[in-house]
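Here's the structure we're looking at; comments come further down.
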Amino acid sequence: MALEIERRFLATPAVLEHCRFGLNILQGYLHTDSENTVRVRRAGGRTFFTWKGRRRGASREEVEQEVPTETGEAMFLGLRPDACLSKVRYRIEHAGLGWDVDVFEGSLSGLILAEVELTYEAQPVILPPWVAREVTLDERYRNSRLARARLPIERAA
């Protein structure tokens with residue numbers, strides 16, 4: 001089982017000048033509670049089934065498996081629209097680390113989140129100038145919560 005260690009930040013629109021080639025992503029949440037998140041993701045022409053465990057600081061266990069497109073599509077068919085979200089992901093290098101920048105679409109349009117995966121939790125991170133504030137521990141910014149968001153979510157100015 002893999003351990004995912006990532007920090008998440010609100011990003012300002014200034015990051016968009018660095019966003020060149022994006023990957024369209026559709027995520028659907030099959031189950032989410034305080035202990036588990038189970039999702040299906042279509043990223044470009046590939047489909048993945050993912051389980052994530054409870055977050056402990058910036059870390060959580062994760063198992064991800066590529067599945068046949070037909071299997072993923074069958075899972076999406078069983079989901080309500082408020083269990084799905086779409087975004088475009090861009091990869092940006094900054095100070096020796098790769099950042100995933102997610103530009104959300106639909107009802108979350110205008111929200112931009114930046115994530116950086118780390119080797120260990122205390123790993124130093126030089127923040128890019130387009131990062132506004134950290135939201136790693138803010139449950140409102142979990143993708144599974146964003147899919148069901150009813151109220152406006154704070155966006156970086």
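The values are calculated or read from the model by the stated rules, or taken from the named source; none is laboratory data. Values in this document were obtained by computation on a predicted structure and should not be read as measured data. No Cβ is skipped: glycine too gets one built from the backbone with ideal geometry, and neighbour counts run over all protein chains shown.
Name the residues in segment 1-31 that are without any contact (Cβ under 8 Å) to a residue 60 or more places away in the chain and among the hydrophobic types (A, V, I, L, M, F, W, C), would you? Selection gives Leu3, Leu30. Taken over segment 32-49, the criterion of being under 13 Å from Ser144 (Cβ atoms) and surrounded by fewer than 16 Cβ atoms within 10 Å (Cβ to Cβ) is satisfied by Asp33, Ser34, Glu35, Asn36. Checked against the criterion of being basic (Lys, Arg), over 16 Å from Gln27 (Cβ atoms) and exposed (fewer than 15 other Cβ atoms within 10 Å of the Cβ), segment 141-149 has no qualifying residue.
Please determine, by comparing only the residues of segment 98-133 that are surrounded by fewer than 18 Cβ atoms within 10 Å (Cβ to Cβ) and small (Gly, Ala, Ser), which one is farthest from Leu16 (Cα to Cα). Once the filter is applied, the top-ranked residue is Ala122. When Tyr29 is tested against the conditions (1) of a type outside the set (A, V, I, L, M, F, W, C); (2) assigned to a helix (DSSP H, G or I); (3) surrounded by 16 or more Cβ atoms within 10 Å (Cβ to Cβ), the lone failure is (2). A count restricted to segment 1-49 and to residues that are closer than 19 Å to Val116 by Cβ and among the hydroxyl-bearing types (Ser, Thr, Tyr) stands at 1. Condition check for Thr136 on (1) surrounded by fewer than 16 Cβ atoms within 10 Å (Cβ to Cβ); (2) among the hydroxyl-bearing types (Ser, Thr, Tyr); (3) at pLDDT below 95: one failure, at (3).
Selection within segment 120-149: residues that are of a type in the set (Gly, Ala, Ser) and touching a strand residue (DSSP E or B) at 6+ places or on another chain (Cβ under 8 Å). The member of this set that is nearest to Ser109 (Cα to Cα) is Ala147.
The single condition from (1) out of contact with any helix residue (DSSP H, G or I) (no Cβ under 9 Å at 6 or more places or on another chain); (2) in a strand (DSSP E or B) that Arg41 fails is (1). Scan segment 67-85 for residues that are crowded, with 17+ Cβ neighbours inside 10 Å and under 17 Å from the mean Cα position of the chain (by Cα) and jot them down. Scanning segment 67-85 gives Ala83, Cys84, Leu85.
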